[in-house]
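*Asks:* Quick one: structure below, then a few questions.
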Amino acid sequence: FAEYQNEPLDSASDDAQLASADEIMKKISRVRRGMVPIPATRLTAFIDVQQRVLWWTVVAWEDDFTGYVVDYGTWPDQGRLYFTMGNLTNTIEGNLVNMSLDAQIFKACQSLIEQLCGKDWERDGGGHVRLDKLMIDANWGPQSDTVYAVCRESVHRGLLYPSHGRYVGAA
């Protein structure tokens, strides 16, 4: 209900309906994690920059914009499937000690970029593909310049794009 443009429905109202198991199952691609589906023609990734952790996702796309989440996670890896920002056990600052915040974010981004761009992603039915594009959140004010520097200086710079998301309300 929180996805209703910051005006969630009251869960007790008649308009608030939870998705049924059948509705959810219709949305599942049934493609194994880490596997690029046969119809997908593009593979992209996104890194969300936070102070304590980098969140990332890899998505395969068909030409009609049908998308498949191929993989996702954090850097550093949390070593478990369920966690929140409030209970992270493995953090950037814990892995990159004795560095400024700028240096920590720079090194964390470099490491994750290498992990994602250096990987051959397996294609369902055989073969491998590599990322076509990787966008990195450059909207976190204090770290915008750091993200731009990472994109400029990376050996994968041809695939990297700083990204500035903007909130657009229902109106």
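The values are calculated or read from the model by the stated rules, or taken from the named source; none is laboratory data. Because the structure is a prediction, the values reported are computed rather than measured. Because the Cβ atoms are built from the backbone with ideal geometry, glycine has one as well, and the counts that use them run over all protein chains shown. The accessibility values were calculated without ligands, DNA or RNA, using every heavy atom of the protein model including side chains. Shrake-Rupley method; radii C 1.70, N 1.55, O 1.52, S 1.80 Å.
Results for (1) within 21 Å of Tyr68 (Cβ to Cβ); (2) within 18 Å of the chain's Cα centre (by Cα), shown as yes or no for each residue.
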{"residue": "Met99", "(1), (2)": "no, no"}
{"residue": "Ala108", "(1), (2)": "no, yes"}
{"residue": "Asp120", "(1), (2)": "yes, yes"}
{"residue": "Arg123", "(1), (2)": "yes, no"}
{"residue": "Arg130", "(1), (2)": "yes, yes"}
{"residue": "Lys133", "(1), (2)": "yes, yes"}
{"residue": "Asp137", "(1), (2)": "no, yes"}
{"residue": "Pro142", "(1), (2)": "no, no"}
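*Asks:* Turning to a different aspect of this structure: Give just the number: which of (1) aromatic (Phe, Trp, Tyr); (2) open to solvent by 70 Å² or more (accessible area, probe 1.4 Å); (3) not in a strand (DSSP E or B) does Phe83 not satisfy?
*Replies:* Going through (1) aromatic (Phe, Trp, Tyr); (2) open to solvent by 70 Å² or more (accessible area, probe 1.4 Å); (3) not in a strand (DSSP E or B) one by one, Phe83 breaks only (2).
*Asks:* Of the numbered conditions (1) touching a Phe, Trp or Tyr at 6+ places or on another chain (Cβ under 6 Å); (2) open to solvent by 60 Å² or more (accessible area, probe 1.4 Å); (3) without any contact (Cβ under 8 Å) to a residue 60 or more places away in the chain, Val168 satisfies every one except a single condition; which is it?
*Replies:* Against the list (1) touching a Phe, Trp or Tyr at 6+ places or on another chain (Cβ under 6 Å); (2) open to solvent by 60 Å² or more (accessible area, probe 1.4 Å); (3) without any contact (Cβ under 8 Å) to a residue 60 or more places away in the chain, Val168 comes up short only on (1).
*Asks:* Let me ask something additional. Of the residues Leu112, Leu43, which is of a type in the set (A, V, I, L, M, F, W, C), open to solvent by less than 40 Å² (accessible area, probe 1.4 Å) and over 16 Å from Val150 (Cα atoms)? Before you say what the answer is, go through the steps one by one.
*Replies:* Details: Leu112 fails: over 16 Å from Val150 (Cα atoms).
The conditions single out Leu43.
*Asks:* Let me ask something else about it. Mind listing whichever residues of the stretch 129-171 are out of contact with any strand residue (DSSP E or B) (no Cβ under 6 Å at 6 or more places or on another chain) and closer than 23 Å to Pro37 by Cα?
*Replies:* Once the filter is applied, which keeps residues that are out of contact with any strand residue (DSSP E or B) (no Cβ under 6 Å at 6 or more places or on another chain) and closer than 23 Å to Pro37 by Cα, the stretch 129-171 yields only Arg130.
*Asks:* Go through Asp15, Asp22, Asp48, Asp10 for me and flag whichever is at pLDDT 95 or above and either among the charged types (D, E, K, R) or open to solvent by 100 Å² or more (accessible area, probe 1.4 Å) (or both). Lay out the reasoning, then the answer.
*Replies:* Numbers: Asp15 fails: at pLDDT 95 or above; Asp22 fails: at pLDDT 95 or above; Asp10 fails: at pLDDT 95 or above.
After ruling out the rest, the residue left standing is Asp48.
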